[in-house]
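The values are calculated or read from the model by the stated rules, or taken from the named source; none is laboratory data. Quick caveat: nothing in here was measured; it's all calculated off a predicted structure. For neighbour counting, all protein chains shown are included, and Cβ atoms are generated from backbone atoms with ideal geometry for every residue, glycine included. Areas reflect the complete protein model, heavy atoms only, side chains present, ligands, DNA and RNA absent. Shrake-Rupley method; radii C 1.70, N 1.55, O 1.52, S 1.80 Å.
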Amino acid sequence: MAQICGWSIYSLLIYFSATIDRPTEISSNLHLQLVFMTVFNIFFTHIMRLYMLRNNWLDKKLAQLLPRLIIISIICSAFIECCLLVSEYFLSDNFYNDLKPAQVIINILALTLLIISWNGIYFTYHFFQKSRVKELENVTLEASKNEIELKNLRSQLNPHFLFNFTQFHSFLMILNLKMLNAIAASNLLRKSLVSGKENLIPVSEEVEIVKSYPRS
């Protein structure tokens, strides 16, 4: 739709310019030429776009992309101008008299600048689209990271709640002669859970764990 609208507007601008500057030269041949120009512009720039997508030009760096865009824009402009000359050959009675090589070169250069601008808009649009997708991926990754950190924090907090509960339970047993055994059990549980996360445990810590067993 962008191709059709853009090139149609371009052809209409040329038509309005011709009606203002040379209203007496407006004829059916001019209308046909503008129609052919619109069709050729849409066709060849669409082929150019497919070629760029097939060769992954959207993923190339700017230094690699610029010379390629200039070359392909010149080639595309030359094809369009050749097709316009062929159509003019069949529509005009004085084709060879009206043909001017300098004017053909100027037309190719002007169309090249137009197509380069078209490519600039096209690649700028996709650049911002890729930036938005990348930003969304970063936000999703950050959210996943925060969720993992939260889960790790919860896994660290849960044993502390358990330790606090056992300590509180030991204080409730202060009226009982088993208070010391309850505290010892709480310390044993704490050391067991902490040391369970380590691959290697010193012998001294093993001895402390054994000493922490409740005494009967």
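Could you list all residues from segment 26-41 that are surrounded by fewer than 16 Cβ atoms within 10 Å (Cβ to Cβ) and not hydrophobic (A, V, I, L, M, F, W, C)?
Within segment 26-41, SER27, SER28, ASN29, HIS31 meet the criteria.
Can you work out which of the residues in segment 42-70 that are free of Cβ contacts under 8 Å to residues at least 40 places away in the same chain and of a type in the set (S, T, N, Q) is least open to solvent (accessible area, probe 1.4 Å)?
ASN55
Among the residues that make up segment 84-99, is at least one of them within 19 Å of TYR10 (Cβ to Cβ), touching a helix residue (DSSP H, G or I) at 6+ places or on another chain (Cβ under 7 Å) and either of a type in the set (Asp, Glu) or surrounded by fewer than 12 Cβ atoms within 10 Å (Cβ to Cβ) (or both)?
Yes, that holds for at least one residue.
Could you pull out the residue among GLU88, GLU142 that is under 33 Å from the mean Cα position of the chain (by Cα), at pLDDT below 85 and in a helix (DSSP H, G or I)?
That would be GLU142, the only listed residue that is under 33 Å from the mean Cα position of the chain (by Cα), at pLDDT below 85 and in a helix (DSSP H, G or I).
Check ASN56, ASN41 and return the single one that is of a type in the set (S, T, N, Q), over 24 Å from the mean Cα position of the chain (by Cα) and either at pLDDT 90 or above or farther than 19 Å from ILE9 by Cβ (or both).
Criteria check complete, one pass: ASN41.
If you check ASN56, ASN41, ASN94, which single one turns out to be at positive phi and not basic (Lys, Arg)?
Just a single option satisfies the conditions, and that option is ASN56.
Out of everything in segment 7-25 that is open to solvent by less than 80 Å² (accessible area, probe 1.4 Å) and among the aromatic types (Phe, Trp, Tyr), what residue ends up being nearest to TRP118 (Cα to Cα)?
The residue in question is TRP7.
Please list, ordered by first then second residue, the pairs with beta carbon atoms under 7 Å, 6 or more apart or interchain, first in segment 4-23 and over 13 Å from VAL39 (Cα atoms), second at pLDDT 85 or above.
Here the result reads ILE14/LEU34; TYR15/LEU34, each pair linking segment 4-23 to a residue that is at pLDDT 85 or above.
Would you mind finding the one in PHE168, PHE128 that is over 30 Å from LEU30 (Cα atoms), at pLDDT 80 or above and either of a type in the set (Asp, Glu) or part of a helix (DSSP H, G or I) (or both)?
On inspection, the qualifying residue turns out to be PHE128.
Looking at (1) open to solvent by 40 Å² or more (accessible area, probe 1.4 Å); (2) within 17 Å of LEU113 (Cα to Cα); (3) modelled with pLDDT of 85 or more, find the lone condition where SER73 falls short.
Every condition holds for SER73 apart from (1).
Output the number of residues of segment 24-40 satisfying the condition of being in contact (Cβ under 8 Å) with a residue 60 or more places away in the chain and either outside any helix (DSSP H, G or I) or closer than 20 Å to PHE79 by Cα (or both).
0
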